[in-house]
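Working notes for the structure below.
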Amino acid sequence: MDVYQGAVAALVPFFVAERAYTYAAASGIVLAASLLSSVAQPLFGAFTDRHPCPWLLPVSTVLGGLGVALSGISGSYALTLLFVALSGIGVAAYHPESARIARVASKGRHSSMGWFSLGGNVGFATAPLLVTAVIATGGLRLSPLLILPALVGSVLTLPVLRALAKTPRADASKGVAEGRDDWRSFIRLSLAVVCRSIAFVGLSTFIAFHVREQTGGGTVAGSAALFVLYLGGAVGTVVGSRLAHRWDRVTVVSTAYLTTAAAVAGVVFVPGPAIYLFVALTSIGLYVPFSLQVTLAQDYLPTRVGTASGITLGLMVSVGGLTSPIIGSIADATSLRTALMPLIVMPVLSWLLFRTLPEPTVPKPLLGEVDEETPPEAESHSAESATENSRL
């Protein structure tokens with residue numbers, strides 16, 4: 001599914017090349033994919049909290065692929081927006097339910113959720129390669145071929161659905177956690193995720209153009225930068241889950257955000273081929289928090305796992321698209337480098353919001369399953385947080 005989130009940004013340079021869109025018009029395509037997804041994803045999360053819907057996995061996968069596949073067949077800007085919005089709805093329907101199932105299957109382990117997130121990041125990284133291979137060969141008219149991964153992915157989910165159907169209802173409810181929802185911490189985490197999303201989606205939308213300007217390369221140079229941005233995310237996700245075994249999640253995430261600000265500055269100001277290094281470092285830094293923020297959100301709202309997953313994933317992968325037209329308008333009026341400068345501040349704001357968050361206690365009944373992976377430092381920190389919360 002995540003290949004189609006990456007595909008929208010990967011298609012933008014081709015829309016500009018074939019249809020002569022401005023930066024603002026091109027970023028409007030990203031906005032169309034993000035807007036409905038941002039609004040609908042928390043709604044799907046709240047719904048699946050009450051009514052688990054495993055069948056959403058194959059249906060939403062096909063819907064996400066169909067929207068992207070249709071986006072290149074019409075020269076109409078309005079129809080293009082409509083089709084990418086359709087893809088965004090598919091993305092919104094997929095993530096909350098898939099995160100809920102992954103949490104139950106992984107019994108709340110950070111490393112397991114990291115591997116789940118890694119699959120999505122690999123999909124992101126594959127998107128520029130897939131889009132370039134198809135569209136550079138025959139233009140946007142070949143976009144219907146992009147539905148093929150969705151068809152394959154939906155078929156691969158069928159064995160999972162059959163296995164879930166055979167699971168007794170008592171076992172299916174085993175992953176339901178007990179505890180008190182910490183909405184204050186969850187809201188602060190969500191605001192940090194918004195800042196992270198603005199930085200990542202803004203870079204994903206314009207990095208291909210920016211790298212072409214800084215290196216003097218063509219479309220391939222821009223697609224390569226987008227591939228590095230997405231591939232670094234796969235590395236960052238694995239690194240984040242590993243680090244969470246040594247230190248508590250809040251410490252890992254806040255440190256990652258603080259160091260990422262310097263990497264984003266390198267992307268904006270460093271010219272020549274060295275920019276690829278800073279793109280990679282930015283990607284790793286922005287993705288170290290990825291799966292950890294999902295598990296933190298779920299632990300802050302242990303009785304509303306679907307809602308927590310829907311909001312967090314929706315904000316991480318969608319809400320940044322709401323600001324892309326603003327960045328595009330600034331770029332059209334001044335320069336792309338000037339428009340990208342505010343993105344340097346976003347990881348700093350995430351760090352400020354994260355640095356004093358409490359490490360949540362591991363909710364029951366996941367506690368016994370997670371103990372074997374929870375580092376002593378995190379257990380101690382969780383106990384201190386529980387004591388502090390009991391005083392409030």
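Observations, loosely collected:
- Residues that are of a type in the set (S, T, Y) and farther than 29 Å from G306 by Cβ were ranked within the stretch 72-97; the one that is surrounded by the fewest Cβ atoms within 10 Å (Cβ to Cβ) is S76.
- Of all residues in the stretch 299-315, those satisfying the criterion of being at pLDDT below 85, farther than 20 Å from V235 by Cβ and assigned to a helix (DSSP H, G or I) are V305, G306, T307, A308, S309, G310, I311, T312, G314, L315.
- V279 fulfils the conditions (1) among the hydrophobic types (A, V, I, L, M, F, W, C); (2) part of a helix (DSSP H, G or I); (3) surrounded by fewer than 24 Cβ atoms within 10 Å (Cβ to Cβ) except for a single criterion, (3).
- Neighbours by Cβ (under 6 Å, 6+ apart or cross-chain): first from the stretch 8-24, hydroxyl-bearing (S, T, Y); second modelled with pLDDT of 85 or more: Y21/F15; T22/D332; Y23/G328; Y23/A331; Y23/D332
- From the options V239, V228, V211, residue that is under 20 Å from the mean Cα position of the chain (by Cα), buried (at least 20 other Cβ atoms within 10 Å of the Cβ) and either modelled with pLDDT of 85 or more or assigned to a helix (DSSP H, G or I) (or both): V228
- Checking V68 against (1) at pLDDT below 80; (2) buried (at least 22 other Cβ atoms within 10 Å of the Cβ); (3) among the hydrophobic types (A, V, I, L, M, F, W, C), the condition it does not meet: (1)
- Residue in the stretch 149-162 that is part of a loop (DSSP other than H, G, I, E, B), at pLDDT below 85, touching a Ser or Thr at 6+ places or on another chain (Cβ under 8 Å) and buried (at least 18 other Cβ atoms within 10 Å of the Cβ) present: no
- Within the stretch 184-236, being farther than 25 Å from L292 by Cα and aromatic (F, W, Y) holds for F206, F209.
- Test: residue in the stretch 5-19 that is farther than 22 Å from R141 by Cα and of a type outside the set (S, T, Y): no
- Residue match in the stretch 43-57 (condition: in contact with a Lys or Arg (Cβ under 9 Å, 6 or more places away or on another chain), assigned to a helix (DSSP H, G or I), closer than 18 Å to L70 by Cα and not β-branched (V, I, T)): no
- Unique match (being of a type in the set (D, E, K, R), at pLDDT 90 or above and out of contact with any Gly (no Cβ under 8 Å at 6 or more places or on another chain)) among R391, R337: R337
- Meets criteria (of a type in the set (A, V, I, L, M) and buried (at least 20 other Cβ atoms within 10 Å of the Cβ)) for M341: no
- A single member of S197, S185 is surrounded by 24 or more Cβ atoms within 10 Å (Cβ to Cβ), small (G, A, S) and assigned to a helix (DSSP H, G or I), and it is S197.
- Here the condition is being in a loop (DSSP other than H, G, I, E, B) and closer than 15 Å to L11 by Cβ; of G88, G65, G75, it holds for G75 alone.
- Exclusive hit being buried (at least 24 other Cβ atoms within 10 Å of the Cβ), farther than 24 Å from L36 by Cβ, among the polar types (S, T, N, Q) and at pLDDT below 85, set S318, S291: S291
- One residue stands out in the stretch 214-225 among those that are in contact with a Pro (Cβ under 7 Å, 6 or more places away or on another chain) and more than 18 Å from S27 (Cα to Cα): the one that is surrounded by the most Cβ atoms within 10 Å (Cβ to Cβ), namely Q214.
The values are calculated or read from the model by the stated rules, or taken from the named source; none is laboratory data. From a predicted model like this one, the values you see are computed outputs, not experimental measurements. We place every Cβ from the backbone using ideal geometry, glycine too, and count neighbours over all the protein chains shown.
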